[in-house]
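The values are calculated or read from the model by the stated rules, or taken from the named source; none is laboratory data. Note that the structure is a prediction, hence the values are computed from the model and not measured. No Cβ is skipped: glycine too gets one built from the backbone with ideal geometry, and neighbour counts run over all protein chains shown.
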């Protein structure tokens, strides 16, 4: 029987280099519950969020969603997303050190 574990993951200063936000633990599935991104610059900027599957397939959740300067948005918008062992949730911006992220996850789901 799974023992669900709620966790938060944070990353600051997201920039132009691809950043791994989350990879499920080996042999587990996880449910992404919320993903808040904050634009730390004064300008409106696009953010790119995607999953890289174990076979290297890239699936975009957001290709160029714009976030106003100094504003935050939830890229999951109250939806839930299941990721499995071998998946990686990644993010990047078009501007260096421009976003902070908080990801809420429930691990070891059935």
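Scanning region 1-23 for residues that are assigned to a loop (DSSP other than H, G, I, E, B) and at pLDDT below 95, we see that the one that is surrounded by the fewest Cβ atoms within 10 Å (Cβ to Cβ) is 1.
The rows are residues; the columns are (1) touching a residue at least 40 places away in the same chain (Cβ under 8 Å); (2) in a loop (DSSP other than H, G, I, E, B); (3) touching a strand residue (DSSP E or B) at 6+ places or on another chain (Cβ under 9 Å).
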| position | (1), (2), (3) |
| --- | --- |
| 50 | yes, no, yes |
| 54 | no, yes, yes |
| 76 | yes, yes, yes |
| 82 | yes, no, yes |
| 89 | yes, no, yes |
| 92 | yes, no, yes |
| 101 | yes, no, yes |
| 106 | yes, no, yes |
